[in-house]
Amino acid sequence: MTDAPKPPKQKPWSDIDLNRWREYEEIKTDSLWLYDSRASGDGHKLDYHGNYIPQIATQIFTRYSQTDDIILDLFLGSGTSAIEAMRLKRRCIGVELKPDLVEYVQGKIEPDLLDSRIHLLHGNIANPEIVAQISDLLQTMQANFAHLLILHPPYGDIIKFSDHADDLSNAATPETFLDGFETVARHGYKLLAPGRFAALIIGDKYAKGELIPLGFQCMERMNRVGFKTKAIIVKNIEGNEKGKGKSANLWRYRALAGGYYIFKHEYIIVFFKPK
Ligand SMILES: C[S@@+](CC[C@H](N)C(=O)[O-])C[C@H]1O[C@@H](n2cnc3c(N)ncnc32)[C@H](O)[C@@H]1O
């Protein structure tokens, strides 16, 4: 007679069966993530300057959400989170400032899932009206809160996403960028279920010869609104986009001449909302 299979041993925020922990070889538990290239296929492509690699969504969604959970992405961009949510059988609410981009992402979603399991909203996420709209939407999805929060804001002004005054990449100063980000973080905190997780994806920048540690500054703003930090992951950025080719030498010269180091990493900072 064979033993009856053990019931799964799971945390309420993940489908990972801890009885089978040795089998999850693809799940990262180290704080240094190195990817040679961006995953493509399954609806993912490099069609938006500044989108994140799908592997970030795969790792974070698998560790910090369950099937059918609602992933809330407040800077949806080209929809990487929505596509990965669809693939991993999660639900998703995504917010993006640019209406044409929202329309474009709608075209990537399976029609029967759009507006039932995957919801795409257009608007300024710093605006309280959008927060009320998300709360209402959560109710229609039979939930009081989202189950996982994703924040992939502009990295200050290093990529200008639009001419829109509400676009965080157009913030007049680093301080107004951080204040704007803090407002969004506060909105995210309100919408996330207690005991659940948030992931911030962000890189640093240089301005006038000085390193501006946007990653740590945004982490501090997340802490100010109540999030507790769980992990700081450093990820290489080589795989994000096609190689910079000839300009690499120019950057190397500039780095040597200016006394600085060329960014090869960004951060994925994981937080939780205390119960
Ligand atoms: C770094 S990108 C996100 C990319 C996304 N993770 C993806 O994979 O495509 C940041 C996005 O935030 C949007 N954004 C900037 N300010 C915003 C605001 N106030 N409200 C909503 N979206 C905003 C920009 O238009 C841009 O598409």
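Side notes on the structure shown:
- The set of residues from the range 124-148 being in a loop (DSSP other than H, G, I, E, B) and either polar (S, T, N, Q) or more than 26 Å from A165 (Cα to Cα) (or both) comprises N124, N127, M141, Q142, A143, N144, F145.
- The residues on offer are I125, I93, I60, and the sole one that is within 11 Å of the ligand (Cβ to nearest atom), among the β-branched types (V, I, T) and in contact (Cβ under 8 Å) with a residue 40 or more places away in the chain is I125.
- The single residue among K108, K45, K98, K89 that is closer than 19 Å to D166 by Cβ, open to solvent by 20 Å² or more (accessible area, probe 1.4 Å) and not polar (S, T, N, Q) turns out to be K98.
- Condition check for G156: touching a helix residue (DSSP H, G or I) at 6+ places or on another chain (Cβ under 9 Å), modelled with pLDDT of 95 or more and within 9 Å of the ligand (Cβ to nearest atom): no
- Of all residues in the range 212-233, those satisfying the criterion of being surrounded by fewer than 20 Cβ atoms within 10 Å (Cβ to Cβ), assigned to a strand (DSSP E or B) and either among the β-branched types (V, I, T) or touching a helix residue (DSSP H, G or I) at 6+ places or on another chain (Cβ under 6 Å) (or both) are I212, T229, I232.
- The numbered conditions (1) near the ligand (Cβ under 9 Å from one of its atoms); (2) assigned to a helix (DSSP H, G or I) are all true for Y52 except (2).
- Selection status of F145, of a type outside the set (V, I, T), open to solvent by 40 Å² or more (accessible area, probe 1.4 Å) and near the ligand (Cβ under 8 Å from one of its atoms): no
- Any chance R38 is open to solvent by less than 100 Å² (accessible area, probe 1.4 Å), within 23 Å of I202 (Cα to Cα) and not in a loop (DSSP other than H, G, I, E, B): no
- Contact map, the range 134-156: residues that are without any contact (Cβ under 8 Å) to a residue 60 or more places away in the chain and of a type in the set (A, V, I, L, M) paired with residues that are open to solvent by 10 Å² or more (accessible area, probe 1.4 Å) and part of a strand (DSSP E or B), Cβ distance under 6 Å, separation 6+ or inter-chain. Pairs shown: L137/H119.
The values are calculated or read from the model by the stated rules, or taken from the named source; none is laboratory data. What you are looking at is a predicted structure, and each value in this text was computed from that prediction instead of being measured. Here Cβ is always computed from backbone atoms with ideal geometry, including for glycine, and neighbour counts include all displayed protein chains. Areas reflect the complete protein model, heavy atoms only, side chains present, ligands, DNA and RNA absent. Shrake-Rupley method; radii C 1.70, N 1.55, O 1.52, S 1.80 Å.
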